Each structure stands twice: as C-alpha cells, then as structure tokens.
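Peer 1: One structure is given below, represented as structure tokens, and several questions about it will come after.
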Amino acid sequence: MPAVLLLPTGKALTVRTAADAFLDSLTNPNTVRSYGIAVGKTAERIGGGRPLAAVADDELGEALELLWGSSAVNTWNARRGAVLSWTSWCAERGYDGPAIPAWAKRMPPPDSDTPVRSKMAIDRLIARRDIHLREKTLWRMLYETCARSEEILDLNIEDLDLAGRRCPVKAKGAQPKVRRRGASRADYVLETCSGTPGTARLLPRLLKGRTRGPVFVTHRRPGPGKVLSARDICPDSGLARLSYGQARALLDQHTAHAGPGTGWDLHEYRHSSLTHLGEQNASELMLMAKSRHKKVENIRRYFKPSADAIAGVTALLAPGDARR
C-alpha cells in the first residue's frame with residue numbers, strides 16, 4: 001500500500017513539497033517524465049526550500065524565461081503548460097502560490113512541417129513484397145482512418161467491428177467517465193474511426209483466427225524482466241503489443257534513403273490522408289469529423305495541397321478559351 005503524503009497547509013508548503021506532490025498525483029508515466037523536467041527545473045530555479053506562497057508571479061515568469069526563453073516555440077509551450085498545470089493544481093487545493101504572469105504567454109505554434117506523401121507513393125510502399133503483412137495493415141489503417149498512431153496501436157481485436165469497418169479509439173485528451181485514479185480504457189469517452197475495404201481485406205489475414213489481445217503484436221515474446229498489463233499481451237500467443245517506437249523504426253527502415261532517421265514518419269499518413277481528402281473537395285466540417293479535431297485552425301495546419309492541385313484550381317481563373 002503506497003504511503004500517504006500529508007501536505008502542510010498555507011504558507012508552510014515549500015516549493016519542492018508542492019512539486020513532488022503534484023508529480024505524485026499524475027498517473028501516466030510519460031506525463032510524469034515530461035512534466036518532471038519542467039516542474040523540477042522550475043522549482044530548482046526559484047528555490048526548492050522556499051515557501052511556495054513567498055514566490056511572486058514575476059519570479060515564476062523569469063524562471064521560465066531563463067530556462068526556456070530561447071528554446072523552440074513548441075518546447076516553450078510544453079514547459080510553460082506543465083508549470084501552468086502545477087500552479088493550477090496547487091490553487092485548486094487551496095495552497096497559496098504564484099501564477100504564471102500574463103507577459104509569459106503561450107506562443108502561437110509554427111506551421112507543421114510534416115511532409116505529405118502522394119497516394120501513389122503510399123500505395124506502392126504498401127504493395128512491396130518485402131514489407132511484412134503487419135506493417136502493410138498498420139500503414140493502410142493509419143492512412144484510411146486518419147487516426148493518430150497511438151490510437152491505432154492501442155487497439156485490441158475485441159474493439160474491431162470488421163463488418164462495419166469501424167473501431168472505437170481512445171483519442172488524445174479523452175475525457176474520463178469516472179473520477180478514480182488508474183481508470184481503464186473503457187472508463188474513457190471513446191471516438192469512432194472508419195476504414196475502407198483496403199483495411200478490411202488485410203485485417204483477417206493479419207489476425208489469423210485470433211479473437212483477443214492486441215491487433216498489432218511483436219514477433220518475439222517479451223523478456224522476463226518486462227512488466228506489461230494483461231491488455232498488452234496476446235493471451236493466445238504470449239506476444240506483446242507493438243510499441244510506437246518499434247512501429248516508427250520499422251517504417252524508417254523501409255523508407256530511409258540516406259541512413260537511419262531519414263525515412264518517413266508515422267504521422268505523415270494522417271497528414272497525407274487529410275490533404276488528399278481536401279484535394280477531393282471534402283469540406284472543412286467533414287475533415288474535422290474525420291480527423292476528430294475540435295478547432296478549425298488545427299485542421300488547416302494538416303491541409304497541404306500539392307503543386308498540381310493548386311495549378312488545377314488556378315486554371316479555373318483562366319479565360320474561357322484558355323481552358324479548352
């Protein structure tokens with residue numbers, strides 16, 4: 001049973017105690033690792049042994065500027081967001097403390113530079129004979145569903161509706177339906193992704209009669225020292241779920257043109273499919289529904305029409321005789 005951490009109240013709460021308590025409240029290990037960098041370095045900069053209530057707003061802003069003021073915009077936004085979550089957590093629990101000043105504002109993110117691959121290039125890659133069926137299915141599914149890589153890799157066979165060509169996914173920022181810690185996947189609001197006959201033809205061949213466990217699994221059983229949840233292990237074969245890092249490395253291996261790290265990225269399938277739908281005159285509302293974006297400006301960052309598509313639209317402005 002984990003030890004209960006008793007927090008002092010009011011001004012007796014130190015910066016380090018508040019930071020440790022906040023990080024202990026997080027359940028996702030990836031979030032703990034990312035937030036730990038931002039909150040830990042900020043707490044060290046402003047003084048871990050100081051009373052939290054004695055820290056001024058401007059001191060917190062100056063610490064952020066000194067630590068990440070010259071970093072990339074996305075890095076600044078991520079670190080600032082982590083510290084904002086920390087200060088908000090303290091305020092919600094009634095602890096006196098600083099807030100991020102208005103002048104240390106969030107920066108507008110730069111336009112995405114993720115390249116868009118042509119439909120022909122994607123089809124030719126998936127059709128290659130040296131590509132394993134697992135990778136073919138994953139890449140085809142990513143392209144046709146416009147889903148995030150983590151959402152598809154997290155799927156289990158029980159989640160699939162093969163007849164309806166649909167599957168529920170736990171999306172980025174999914175809202176929990178319960179308040180308890182350690183909520184399972186079923187305790188979150190899930191969203192639906194749709195595929196096409198291309199994915200539907202590949203999935204039965206990949207599953208080979210399996211009815212439970214992860215859709216995408218490794219080719220080897222996990223080592224004795226690796227701890228995995230029951231949901232991440234195939235009960236029939238004992239194989240583990242394919243991780244994002246493994247899937248990314250496999251795609252890079254088959255597409256790299258100038259050494260490791262120069263190949264495609266998994267996220268390019270999402271960018272490419274949304275751009276291709278936009279070039280086929282899909283409306284903004286349909287693109288938002290397909291990608292499950294909540295803001296119009298986000299979907300616009302994904303739409304990167306090709307030079308040929310722009311030339312085709314430009315031709316509509318030509319005089320009548322010139323278009324014949």
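Peer 1: Being surrounded by fewer than 15 Cβ atoms within 10 Å (Cβ to Cβ) and within 27 Å of GLU297 (Cα to Cα) is the filter; apply it to region 82-108 and report the residue that is modelled with the lowest pLDDT.
Peer 2: PRO108
Peer 1: Restricting to region 58-74, count the residues that are more than 16 Å from ARG106 (Cβ to Cβ) and touching a residue at least 24 places away in the same chain (Cβ under 8 Å).
Peer 2: The total comes to 2.
Peer 1: Something else about it: Looking at region 300-324, which of the residues that are of a type in the set (Ser, Thr, Tyr) and within 27 Å of the chain's Cα centre (by Cα) is modelled with the lowest pLDDT?
Peer 2: Only one residue tops the list, namely TYR302.
Peer 1: Kindly indicate the residue of region 71-81 that is open to solvent by less than 60 Å² (accessible area, probe 1.4 Å) and assigned to a helix (DSSP H, G or I) and also farthest from ASN30 (Cα to Cα) among those meeting that condition.
Peer 2: Result: VAL73.
Peer 1: Let me ask you something else. Give LEU266, LEU250 a once-over and let me know the one that is hydrophobic (A, V, I, L, M, F, W, C) and open to solvent by less than 30 Å² (accessible area, probe 1.4 Å).
Peer 2: LEU266
Peer 1: Residue by residue through region 22-70, note down the ones that are in a helix (DSSP H, G or I) and among the β-branched types (Val, Ile, Thr).
Peer 2: Of everything in region 22-70, those that are in a helix (DSSP H, G or I) and among the β-branched types (Val, Ile, Thr) turn out to be THR31, VAL32, ILE37, VAL39, THR42, ILE46.
Peer 1: Continuing with this model, one more query. State which residue pairs qualify: first residue under 16 Å from MET120 (Cα atoms) and inside region 270-286, second residue open to solvent by 70 Å² or more (accessible area, probe 1.4 Å) and of a type outside the set (A, V, I, L, M, F, W, C) in any location, beta carbons under 6 Å apart, and separation of 6 or more residues or different chains.
Peer 2: Filtered contacts from region 270-286: HIS276/LYS119.
Peer 1: Among (1) aliphatic (A, V, I, L, M); (2) open to solvent by less than 40 Å² (accessible area, probe 1.4 Å); (3) touching a residue at least 12 places away in the same chain (Cβ under 8 Å), which single condition is ALA318 missing?
Peer 2: Unmet condition: (3).
Peer 1: Looking at GLU297, GLU279, GLU268 in this structure, which one is at pLDDT below 90 and under 18 Å from the mean Cα position of the chain (by Cα)?
Peer 2: Going through GLU297, GLU279, GLU268 in turn, the sole match is GLU297.
The values are calculated or read from the model by the stated rules, or taken from the named source; none is laboratory data. Quick caveat: nothing in here was measured; it's all calculated off a predicted structure. Because the Cβ atoms are built from the backbone with ideal geometry, glycine has one as well, and the counts that use them run over all protein chains shown. Accessible surface areas use protein heavy atoms only, side chains included; no ligands, DNA or RNA. Shrake-Rupley method; radii C 1.70, N 1.55, O 1.52, S 1.80 Å.
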